[in-house]
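Contents: one structure, followed by commentary.
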């Protein structure tokens, strides 16, 4: 391979210098890779002048030794970094590190680049039979450092020159770690998701019923007891779990201009502790559509319908496929074969539907191509906001654009909604993935703490009056981090146009 690279470089130099009289480098500096060819490009006299200047300025050769001025004609072939082929999702990575500022785990465990570096080192050690102790140490730490604390948010791909989404690799590895029994259970749950939804709602009700009996301080004592017996991860999230969502609002199919799909998270999770006891997000969305003259319809059999993201994030691809295919079949019926758009109130779920085509059967792919999935942010900005006169503006609000909003490119519309309803809007410079990632915030709260640290500091310093986002779990994460309640931006719009 190195011999092949050497011949390639010789051919490049011959072509550029001798055939076209061109420059071997353009905007980038001439590094070690081109040092053996500087004399070829500039000629012996020019190169001699460069060497003499280098001697005068740097007689001890302390400044960047071996770069540009290097007598070794094989310098570009020495100390080459090995990039073994490991998995197709990451083999294109050149380890530039552009992804790192986007990663929510960058200050806790590993960045996408570091995950790839570790994976390649493990492959190299395995192939060469090298340091067994090192391999075993990496293998033991890899699950937590690389897999458990990855948010699989995909923002790394937005900064990567070749659009590598390391989260896709993490999902596949999570699936590989799962037992056959776990995969079977995931499939059973996906086939009976209505029952799962019912059970989760009742679990939330029971938890808050217990709080009403023993009080907040009693729940804190219970939390401390749980920490001793079940560990921090189970107990840490108990005091700030949301209440169960209320009943679906009744709507009429006749005259509806869109199908409103409340995501399963909206159907299960209601208000947060400390959040005002007013209407649910579902009620609010229906009411705003009515006031704007754009009636919405929630199908009565919506329970049990899910985008499959909870299964996808854990690597349960079969369960994901079952869930998303069932959803598309229902959407096809509800939307009257694609004649009505489908409005989704939780941005990660919108993204989950829009990117799920490859998991669909051929028949459902044809249906999918004829349907329109609209995030509620787009629907509010394009359809409702122009028809709802703003009467009262909030003074100062903060926004947290979730990862899927960034990936779908609708952050500007979310900001426009907030600016129409507020005198001042701030989006923290450090706003990024909150690391809650569905259940990561419950299972690994340290990920959310690390991911939100800088954004939370900025929000606390600015002290906005109200905080908004577009995903209930992300709102939980940001509420934890800042001590301020984050709600759906729908509440801002309702208050401003009431």
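Restricting the search to helices (runs of 4 or more DSSP H) fully inside region 91-176 and requiring at least 2 residues that are over 23 Å from residue 409 (Cβ atoms) gives 112-128, 132-142. Is it fair to say residue 126 is without any contact (Cβ under 8 Å) to a residue 12 or more places away in the chain and in contact with a helix residue (DSSP H, G or I) (Cβ under 7 Å, 6 or more places away or on another chain)? So residue 126 passes the test. Exactly one residue out of 57, 16, 12 is crowded, with 17+ Cβ neighbours inside 10 Å and out of contact with any helix residue (DSSP H, G or I) (no Cβ under 7 Å at 6 or more places or on another chain): that is 16. Can you tell me how many residues in region 467-483 are touching a helix residue (DSSP H, G or I) at 6+ places or on another chain (Cβ under 7 Å) and surrounded by fewer than 20 Cβ atoms within 10 Å (Cβ to Cβ)? Of the residues in that region, 0 qualify. The set of residues in region 216-267 that are modelled with pLDDT of 90 or more and assigned to a helix (DSSP H, G or I) comprises 264, 265, 266, 267. The set of residues from region 252-271 being buried (at least 19 other Cβ atoms within 10 Å of the Cβ) and either under 20 Å from residue 310 (Cβ atoms) or out of contact with any strand residue (DSSP E or B) (no Cβ under 8 Å at 6 or more places or on another chain) (or both) comprises 261, 262, 263, 264, 265, 266, 267, 268, 269, 270, 271. If you go through region 89-100 and keep only what is out of contact with any helix residue (DSSP H, G or I) (no Cβ under 7 Å at 6 or more places or on another chain) and either more than 17 Å from residue 171 (Cα to Cα) or touching a residue at least 12 places away in the same chain (Cβ under 8 Å) (or both), you end up with 92, 94, 96.
Taking the listed residues 401, 348, the one that is closer than 18 Å to residue 438 by Cβ and part of a helix (DSSP H, G or I) is 348, with no other qualifying. When region 436-470 is limited to residues that are at pLDDT 95 or above and in a loop (DSSP other than H, G, I, E, B), the one that is nearest to residue 271 (Cα to Cα) turns out to be 470. Taking the criterion of being within 21 Å of residue 472 (Cα to Cα) and either surrounded by fewer than 20 Cβ atoms within 10 Å (Cβ to Cβ) or out of contact with any strand residue (DSSP E or B) (no Cβ under 7 Å at 6 or more places or on another chain) (or both), the residues of region 350-366 that qualify are 351, 352, 354, 355.
When only residues in region 325-345 that are over 27 Å from residue 165 (Cα atoms) and either assigned to a loop (DSSP other than H, G, I, E, B) or assigned by TED's automatic domain parsing to the domain that holds residue 473 (or both) count, which is nearest to the chain's Cα centre (by Cα)? Out of the qualifying residues, it is 341.
For region 125-161, a residue qualifies if it is within 14 Å of residue 90 (Cβ to Cβ) and surrounded by fewer than 17 Cβ atoms within 10 Å (Cβ to Cβ), and exactly one does: 161. Annotation note: of 414, 399, 447, 384, the sole residue that is over 26 Å from residue 480 (Cα atoms), touching a helix residue (DSSP H, G or I) at 6+ places or on another chain (Cβ under 7 Å) and crowded, with 18+ Cβ neighbours inside 10 Å is 384. Looking across region 452-466, the residues that are surrounded by 20 or more Cβ atoms within 10 Å (Cβ to Cβ) and closer than 17 Å to residue 436 by Cα come down to 452, 455, 456.
Just one residue in the set 32, 106 is surrounded by 16 or more Cβ atoms within 10 Å (Cβ to Cβ) and closer than 30 Å to residue 138 by Cα; that residue is 106.
For residue 272, indicate whether it is under 21 Å from residue 386 (Cα atoms) and either in contact with a helix residue (DSSP H, G or I) (Cβ under 6 Å, 6 or more places away or on another chain) or in a loop (DSSP other than H, G, I, E, B) (or both). So residue 272 fails the test.
The values are calculated or read from the model by the stated rules, or taken from the named source; none is laboratory data. None of these values were measured; they are calculated from a predicted model. Positions of Cβ are generated from backbone atoms using ideal geometry, with glycine treated the same way; all protein chains shown enter the neighbour counts.
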